[in-house]
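These notes are about the structure you will find just below.
Read the figures in this text as sums done on the coordinates, not as results from a lab. Nothing here was measured: the structure is a model prediction, and the numbers come from that model. Note that each Cβ is placed from the backbone with ideal geometry, even for glycine, and that neighbours are counted across all protein chains shown.
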Amino acid sequence: MADETIQVEPLMREIEDRLRDDVRRRLLAQGGAPEYQDPDVFRAVDRLLRRAADRPASHALLPEFLGPESGWRLQTHLRFSSHRTVAGPLVLFIKRRVLLPLTRWLYEYSADNFRRQERVNRMLVACIEELAIENARLRRDLGRLDERVNMTR
Amino acid sequence: MKLACVVQRYGAEVTGGSERHCRVISEHLATHHDVTVLTSCAQDYVTWRNAYPSGETTVGPVKVVRFPVARQRHLGRLAEISDVVFTTRSSPEEQERWFVENGPEVPGLIEHLGRHGADYDRILFWTYRYYQTFFGLPLVADRAILVPTAEEDPLIWVDIVDRLFSLPVGYLFLTPEEADLVRGRATRPLPPSCVIGCGVDPPPAVGPGVDLAAIGVSPPFILYLGRIEPNKGCDTLFEYFDKYLESGGRPVQLVMAGFPNMPIPPHPAIRCLGVVDEPLRVALLANACLLVVPSPFESLSMVLLEAWNQRLPALVNGRCAVLHGQIVRANGGLSYRHAIDFAASLGYLLNHPEVARQLGRQGQVYVEQEYRWPRVMEKVESFLEQSLGRPLSVRPGA
């Protein structure tokens, strides 16, 4: 052991495999999906969810189709504005210097919860995208298989 | 060769990865070249409050010129503009305002670069994320070398950063992952670059006088070294560690050594020591089971090299490509991505001490091969020489 180099990548894979099997058994014991009886099915689901969890939010495709960001993105920052041209600066001053300090605790409490919700939303968006990718890949493979079958007929 | 090193803060008292990197590289360069550090008067990275006197001074072998910070950082305004810039499609003006709010706003330093930039053969800028680089580098782009210390945080994807990345004549990176990140981010091919890392001195001897039990540290313990704050992944570490213990993992203490910038959960197995002196730091590294590095953003983990220098294996956040890359290249520990991986990997290392020891030894071999000062400085000198297209002129008398 002392002089042999331990390669950490295979070691980490070994630990991950063992962990995955433990989790699968635990879920089954707790009444999890019966499909998890098959370790290969569980591995595929585990990989998909891990990929979704690890995907950087900035690389997601789905938000491109959600329309203008202002219509769907949770806003965790405050932007003060006033439509009044003359009294506007005074209204803004009061909002910033009087109302904001008084309500900051409520703002921070909500902002924290909004951030958590946004994290869950991102994860769910990533899951949908991963499933869409998986589906597209399977459709492509199926199409190729069809072509081959037709050619051999 | 006449060199300038531009950095947001500078001084022996200044902690922070990029500042320390700038200091040690400048000191080593100063043994052969005429080096001037251009920096702010700030010591504290939160407020950028002026702490050092402005003007010229000497720190070790290096000439330092400090410029006053025009205004302290307003955290509320920075948080507001950060939300705008990082969570929405922001305008170039808003993005530029982010750099102003982030500071340290040092107009004197920018003016100095504008007037005297041409006096230097090369100007090295540390960290792309601060005012002095964003506004200073474009003024001397024809002689600027950027040491971006880039991390996979949201700033790297902000549009205006692309313009900055296209300007310097060369790059010094800390790891191959950082080079890939910047290369992948830039829309144009990068100029010549070199991965230099950072030098590490041979490990100091462990003194006999440190009584860990007297300060509430009892083996077995795992060690976290550095600033204790959410940005460094400490909130996640506390959560994952708690889950590990809840899942029935082998009992172990988590020792946190560093300045606390967040509340520490009151947990009997968590011991926070605050900032520790060098002998205690060495004793902790010598007695810990492993070092844990939970940071999601790194360009090079110096503390990881320090741990390997003392044969300590590590458990790192694998979501950070740099940490994962360092672990794999060194074969010096394990990485985790989620809470269950953390528990499994920590349990494995604690239950297989002979494997853990071997990983620590492998880490030390890696540091010996890649991170001793002569090797690091050879890379820096040779890159600067190439960037000028001629052999470097050595300072008279050096």
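What the table shows:
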item: Normalised contact order of chain B, rounded percent, pairs of Cα under 8 Å and 6 or more residues apart; result: 13
item: Contact order normalised by residue count of segment B:1-47, Cα under 8 Å, 6+ apart, percent; result: 57
item: Compactness relative to 2.2 N^0.38 Å, alpha carbon Rg of chain B; result: 1.00
item: Size descriptor, Kirkwood hydrodynamic radius, that averages inverse alpha-carbon separations across segment B:296-372, Å; result: 12.2
item: Over segment A:94-153 - Rg/Rh using Cα atoms and the Kirkwood inverse-distance radius; result: 1.58
item: Partner chain coverage, peptide B:349-355 - average Cβ within 10 angstrom; result: 1
item: Rg/Rh ratio calculated on Cα atoms of segment B:1-126 (Kirkwood radius); result: 1.01
item: Calculated FRET efficiency for the pair residue B:159/residue B:32, C-beta based, R₀ 60 Å, to 0.05; result: 0.95
item: Inverse mean reciprocal Cα-Cα distance (Kirkwood Rh) of the protein assembly as shown, Å; result: 26.2
item: FRET efficiency for residue B:278 and residue A:61, using Cβ-Cβ distance with R0 set to 60 Å, rounded to 0.05; result: 0.75
item: For segment B:213-369, size of Cβ-based charge dipole, Lys and Arg +1, Asp and Glu -1, in debye; result: 240
item: Kirkwood-based shape ratio for segment B:213-369, expressed as Rg/Rh from alpha carbons; result: 0.92
item: Order by protection proxy (mean Cβ within 10 Å, highest first), peptides B:359-367, B:63-71, B:303-311; result: B:303-311, B:359-367, B:63-71
item: Globularity ratio of chain A, using Cα Rg and 2.2 N^0.38 Å; result: 1.71
item: Within segment B:34-71, backbone nitrogen closer than 11 Å to the virtual label 7 Å beyond the Cα of residue B:142 toward Cβ; result: none
item: Nearest-0.05 FRET efficiency for residue A:22 and residue A:124, computed from C-beta distance (R0 30 Å); result: 0.70
item: Exposure proxy order (Cβ contacts within 10 Å, fewest to most) of B:91, B:345; result: B:91, B:345
item: Fewest-first ranking of A:85, B:15, using other Cβ atoms within 10 Å as the exposure measure; result: A:85, B:15
item: Over segment B:47-205, volume per residue of the alpha carbon convex hull, in Å³; result: 160
item: For B:25, B:123, A:6, order by how many other beta-carbon atoms lie within 10 Å, fewest first; result: A:6, B:25, B:123
item: Protection proxy ranking of A:138-147, A:90-99 - average other beta-carbon atoms within 10 Å, highest first; result: A:90-99, A:138-147
item: Normalised contact order of chain A, rounded percent, pairs of Cα under 8 Å and 6 or more residues apart; result: 27
item: Distance histogram in 10 Å bins (all Cα pairs of segment B:122-269, percent per bin); result: 9, 28, 22, 22, 15, 4
